[in-house]
């Protein structure tokens with residue numbers, strides 16, 4: 001069973017690493033789409049921007065392929081976070097798409113992300129742009145608003161809305177408890193409102209407050225809370241009306257705060273509004289939102305008595321170098337030539353093993369602490385200590401074959417053969433690799449001779465006897481004990497069953 | 001069609017429907033594959049068929065404002081122009097033949113369609129879907145076009 005991912009875990013897999021993995025597997029187009037989606041969604045993805053430029057300028061080369069967690073849990077985490085194009089790119093670019101779950105997800109995402117008919121209402125075109133830009137919550141809000149209008153939505157748009165509701169709301173995990181909501185909720189009203197907020201249902205919270213106010217008109221706390229929620233939820237709807245959205249809408253400022261609010265992330269909402277208010281002390285809307293958030297917090301904490309004055313930090317107290325989440329825009333981040341040169345220099349020394357902590361150059365590719373993943377693509381190209389700096393995959397593959405690293409050679413030639421299916425040389429080399437592996441480990445299942453699974457000692461007993469197909473190998477790796485999963489290294493590119501290596 | 005959750009822990013998705021309206025010009029000579037493709041893409045797309053370049057150019061004048069994209073098979077037996085040449089013309093990368101007449105300016109994604117054996121012959125920079133076509137592959141190729149424009153902007 002695939003457990004529901006913890007919100008936020010999707011960030012644990014750097015997208016540029018996944019893209020490099022796709023490139024090394026020969027899924028070049030999917031890698032480029034993944035990178036474009038990441039850069040368009042978040043300009044802070046500077047490593048993706050550099051890699052995108054690198055890959056565009058070198059259509060026949062692949063960078064090194066570092067280890068990266070990659071399984072359906074990651075995909076589902078991305079989907080829940082609205083990163084739909086990214087999720088679909090990875091599904092399409094790996095063998096995950098061959099699994100029943102992967103196929104079903106790909107079909108659903110393919111439908112949700114399909115373009116609207118040409119010449120449709122602008123709001124539908126905007127919905128599509130938002131979906132492709134990673135702002136699924138904004139997209140569903142736009143559709144919800146459109147659905148309220150007098151004229152009926154076309155069937156395809158109703159269908160799209162129902163899919164998005166299902167994706168984002170029906171299956172949304174509860175919002176992570178905030179310090180506020182974790183405290184004792186002293187009133188029935190506070191408890192019920194908090195339930196709705198934790199379910200990411202702000203309109204539901206408003207509905208609860210209205211009900212309570214109607215039933216208890218003398219309850220001053222309920223009056224304060226209702227007023228605050230009406231302001232906050234009302235601003236949500238105003239912020240995302242079609243008229244407010246330009247074709248290249250930037251997800252920043254008030255809209256970013258609104259999106260966080262719609263997801264029930266009150267602390268993040270407050271943080272963004274504080275930044276807005278810091279930058280522009282005359283922004284009444286931000287000030288008002290802060291006041292309303294404080295009222296809401298007071299009630300949830302069981303501290304009735306009205307809001308305290310909004311505290312807006314002095315502009316001079318801002319932390320130097322702090323990330324301005326609210327100031328993000330969708331433009332390509334500036335990648336200077338120096339950064340690119342550093343990154344490319346980094347690529348030139350890609351045969352060094354990945355390491356944790358500070359690294360060379362601009363640290364654009366190696367700034368992530370390497371941990372033992374559950375399912376990991378092995379750092380094949382990082383183990384070659386003798387390769388020269390400017391080698392291409394073909395040279396690396398030849399070297400691996402000559403040096404007797406047949407499984408590695410097989411992987412590299414598989415990727416080359418996938419990119420150049422008409423080139424008989426790679427087929428010959430593949431056959432040589434298979435022959436060597438068979439001599440070493442026994443016959444290989446010819447039909448699926450395309451994946452190499454490198455399995456640690458702890459898992460080998462489970463893999464014998466062989467005939468293990470890729471799906472079975474992956475299942476073992478996923479379903480094994482914690483230590484087995486941690487140790488398992490399963491390379492899914494095209495498989496060679498090597499279960500007999502255990503013998 | 002399935003209504004079960006894609007993965008455990010999710011509720012069943014809404015019932016699939018064939019309500020797609022995004023119109024694609026599908027340039028392919030393979031009748032059998034086209035029939036299957038129509039069915040597979042029906043939740044999100046409607047297809048207009050052309051068998052070769054001779055069919056494409058006359059229909060573009062009336063169709064181009066309604067199109068969301070063009071998919072061109074690499075191999076077009078019987079067509080005056082091969083798939084890559086036709087795609088290049090549609091993308092404005094080279095001039096159309098004189099017999100094509102005046103073509104409207106197309107601001108559309110053009111995606112190549114190829115068998116697995118022929119996929120390697122397609123330029124690595126071109127968008128590509130490989131037979132047998134599925135909904136996700138077509139959507140991803142079209143989304144990539146939009147994203148590329150956005151990133152360039």
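The values are calculated or read from the model by the stated rules, or taken from the named source; none is laboratory data. Worth saying up front: this structure is predicted, and the values here are computed from it rather than measured. When we count neighbours, we look across all protein chains shown, and the Cβ atoms used for this are built from the backbone with ideal geometry, even at glycine.
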Practice item. Within the stretch A:129-141, identify whether any single residue is out of contact with any helix residue (DSSP H, G or I) (no Cβ under 7 Å at 6 or more places or on another chain) and free of Cβ contacts under 8 Å to residues at least 40 places away in the same chain, and answer yes or no. Key: no
Check your understanding: Could we say that residue A:53 is free of Cβ contacts under 8 Å to residues at least 24 places away in the same chain and under 30 Å from residue A:417 (Cβ atoms) here?
Key -> no
Exercise for review: Would you mind telling me which numbered condition in (1) more than 10 Å from chain A (Cβ to nearest Cβ); (2) over 17 Å from residue A:89 (Cα atoms); (3) in contact with a helix residue (DSSP H, G or I) (Cβ under 7 Å, 6 or more places away or on another chain) residue B:99 fails?
Suggested key: (3)
**Study point:** Residues located in the stretch A:419-450, provided they are at pLDDT below 70 and within 14 Å of chain B (Cβ to nearest Cβ)
**Key:** A:421, A:450
Review point. Do we find that residue B:118 is at the interface with another protein chain (Cβ under 9 Å from one of its Cβ atoms) and more than 30 Å from residue A:90 (Cα to Cα) in this structure?
Key: no
Exercise for review: Return yes or no: is residue A:157 over 19 Å from residue A:262 (Cβ atoms) and either facing chain B (nearest Cβ under 10 Å) or in a helix (DSSP H, G or I) (or both)?
Suggested key: yes
Check your understanding: Out of all the residues in the stretch B:69-85, is one or more facing another protein chain (nearest Cβ under 8 Å) and at pLDDT 90 or above?
Key -> yes
Practice item. Mind checking which helices (runs of 4 or more DSSP H) fall wholly inside the stretch A:36-149 and carry at least 1 residues that are more than 17 Å from the chain's Cα centre (by Cα), farther than 27 Å from residue B:70 by Cβ and away from every other protein chain (no Cβ under 11 Å)? Key: A:46-57, A:136-148
Revision key, fill the gap. Residues of the stretch A:277-289 being at pLDDT 80 or above and surrounded by 21 or more Cβ atoms within 10 Å (Cβ to Cβ), in sequence order, are A:286, A:289
